[in-house]
Structure formats: C-alpha cells, structure tokens
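Report on one structure; see the data block that follows.
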Amino acid sequence: MKHLSTGLSSLALFFSIAGCTTPVAGSPSDEASAAKIVTAEGEDVICRSIPVTGTRFPEKICKTQAAWDAFDDYTNDSAKEQTDKFQRLNSGCSTQAQGSCS
C-alpha cells in the first residue's frame, strides 16, 4: 500500500512538472513573439531586458532607436558626471591624513 501511494505521488509530480515545460522552438507562440513591432510612424521598436535591483527577473522595455540613443546618452553622461564628481571630491588635500597639503 505504501509503495502504491509513493508511486502515485511520483506520477503526479512527473505530470505537473511536464506541464511546466517551455514550448518547443518554432511553435506558433514562439513565432508570434518574434514578430517585429512597428510604431504608427513606421519606426522599428527595439526591446531590451534591463536588470532590476532586488529581483532576478529583468524588465523588458521597448523603445524606438532614437529613444534608445537618447537613453544611452543620458545614462552614459550621468555615469561620467558621477565618476568625475567622486574623483574631484576624494582627491587632493582633503584626503591627506594630516588634513593639509604641506
């Protein structure tokens, strides 16, 4: 009796896991997600997976190429500005143990 219930539990587990598998490549759902997205003006939309702090799952964000270029310029400029600010504030006389440059 114990072996029968263990076998049935294993069988149920197998079918529940089998139902969670991803679709096979080339299936209709895969082809639909690979379709190009185009704006009303005819511009191609490009999607990126952006990491999100606090989760393992990235966020999918879609924008036009011009919007991605502006986003990249903004983030690169901001990163450079923050690096320059850190280097300006944490160099020179203020970092000396004695507090003076002499």
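The values are calculated or read from the model by the stated rules, or taken from the named source; none is laboratory data. All figures in this text were calculated on a predicted structure; none of them were measured in a lab. Reconstructed Cβ throughout: ideal geometry from the backbone, glycine too, with neighbour counts over all protein chains shown.
Structural remarks
- For E81, the test of being at pLDDT below 85 and surrounded by 10 or more Cβ atoms within 10 Å (Cβ to Cβ) is failed.
For (1) at pLDDT 55 or above; (2) in a helix (DSSP H, G or I); (3) surrounded by 10 or more Cβ atoms within 10 Å (Cβ to Cβ), each residue gets a yes or a no:
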| residue | (1), (2), (3) |
| --- | --- |
| G7 | no, yes, yes |
| L13 | no, yes, yes |
| A35 | yes, no, no |
| I46 | yes, no, yes |
| F57 | yes, no, no |
| C62 | yes, no, yes |
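- Close contacts from the stretch 65-94, counting a first residue that is of a type in the set (S, T, N, Q) and a second that is surrounded by fewer than 10 Cβ atoms within 10 Å (Cβ to Cβ) and not in a helix (DSSP H, G or I), with Cβ to Cβ under 7 Å and a gap of 6+ residues or different chains, come to none at all.
- Any hit, the stretch 15-28, residues being in a loop (DSSP other than H, G, I, E, B) and modelled with pLDDT of 95 or more: no
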